Amino acid sequence: MPDDAPEIQISVPPEMQVGVYANFATVSAQTGFDFNLDFIQLVPSSPGQPPDGHVVSRVKVAQGFLMPLMQALASHQTMIETTLRETQGQGEADQGGEP
């Protein structure tokens, strides 16, 4: 966020604080201006059968918000991967291995 941007106060209603688990997502165009992001929980089914998918949240997103969202996700993923590499390297060094 730019330095001169006003700070946004964000609150999460109590019923949403726990969140929902999703391990799959789909993107579909709602209109020429926005998209649906369906967050889905895939659950195993009978052996040999595809998993069952249950939409746990549907979020309508403005087209102009997609790029900032993807950039934020990529940035956070990079931070997580860097932290994991550093942690794993530190663990190897503590055990006398090569970092």
- request: Looking only at the range 44-94, count how many residues are in a strand (DSSP E or B), within 17 Å of the chain's Cα centre (by Cα) and among the charged types (D, E, K, R).
  value: 2
query: Do we have any residue at all in the range 22-34 that's within 19 Å of the chain's Cα centre (by Cα), touching a residue at least 12 places away in the same chain (Cβ under 8 Å) and farther than 20 Å from Ala72 by Cα?
result: no
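Taking the range 35-80 on its own, how many of its residues are touching a residue at least 12 places away in the same chain (Cβ under 8 Å), of a type in the set (A, V, I, L, M, F, W, C) and under 17 Å from Ala22 (Cβ atoms)?
So in the range 35-80, the residues touching a residue at least 12 places away in the same chain (Cβ under 8 Å) come out as 35-42, 53-63, 66.
Filter once more, keeping what is of a type in the set (A, V, I, L, M, F, W, C): 35, 37, 39-40, 42, 55-56, 59, 61-62, 66.
If we keep only those that are under 17 Å from Ala22 (Cβ atoms) too, we end up with 35, 37, 39-40, 42, 55-56, 59, 61.
Residues in the range 35-80 being touching a residue at least 12 places away in the same chain (Cβ under 8 Å), of a type in the set (A, V, I, L, M, F, W, C) and under 17 Å from Ala22 (Cβ atoms): 9 in total.
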message: Among the residues of the range 10-43, what is the count of those that are small (Gly, Ala, Ser) and either at pLDDT 95 or above or over 19 Å from Gln63 (Cβ atoms) (or both)?
response: 4
Failed item in (1) outside any strand (DSSP E or B); (2) loosely packed, with under 10 Cβ neighbours inside 10 Å; (3) in contact with a strand residue (DSSP E or B) (Cβ under 7 Å, 6 or more places away or on another chain), with Gly32 passing the rest: (3)
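The values are calculated or read from the model by the stated rules, or taken from the named source; none is laboratory data. On a predicted model such as this, the values are computed, not experimentally measured, just so you know. Reconstructed Cβ throughout: ideal geometry from the backbone, glycine too, with neighbour counts over all protein chains shown.
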